[in-house]
Amino acid sequence: QEQLVESGGGLVQPGGSLRLSCAAKMFGANTLGWYRQGPEMRRELVATITSGGITNYADSVKGRFTISRDNAKNAAYLQMNSLKPEDTGVYYCRNRRFVTPTFDYWGQGTQVTVSS
């Protein structure tokens with residue numbers, strides 16, 4: 001019964017910024033993450049944040065992207081700065097919990113296109 005809804009994608013020029021949002025229902029001891037699927041058609045990890053605020057980033061986005069969460073709003077965010085064409089892809093929000101009751105939910109994805 002989880003419904004993850006992403007928003008904030010769009011078309012942006014190289015060097016620009018976008019902020020993605022993810023609205024979730026299942027919070028509590030959960031890890032939120034952003035993943036993307038580029039032209040290679042392989043979904044890769046972009047960033048994760050635990051319930052305790054511990055973050056992890058793909059090397060390709062370190063220093064440019066920031067993942068955050070707002071538990072009061074049941075939301076996750078991905079601030080993307082200094083965007084590059086290789087950042088283009090469909091970005092998916094993922095909500096996971098590793099303790100009982102475990103779950104693993106994916107959003108529907110939002111398109112991010114970085115192009116001149």
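Readers should treat all values here as calculations from the given coordinates under stated rules, not as data from a laboratory. In this text, all values refer to a predicted model and were calculated from it rather than measured experimentally. Counting neighbours? That spans all protein chains shown, and the Cβs are built from the backbone with ideal geometry, glycine included.
Amide H contacts of Asn30: Ser51, each under 5 Å away and 5 or more positions distant or on a separate chain (H built 1.01 Å from N in the peptide plane; Pro and chain starts excluded).
Annotation for segment 1-90: GluC sites (Glu not before Pro) lying in DSSP loop with at most 10 further Cβ atoms inside 10 Å of their Cβ are Glu40.
Approximating the spin labels as points 7 Å out from Cα along Cα→Cβ, the Glu2-to-Trp106 distance works out to 1.2 nm.
Taking θ as phi - 60° and the Karplus parameters 6.51, -1.76 and 1.60, the scalar couplings of segment 91-98 work out to 9, 10, 8, 10, 10, 10, 9, 9 Hz in sequence order, x denoting glycine and proline.
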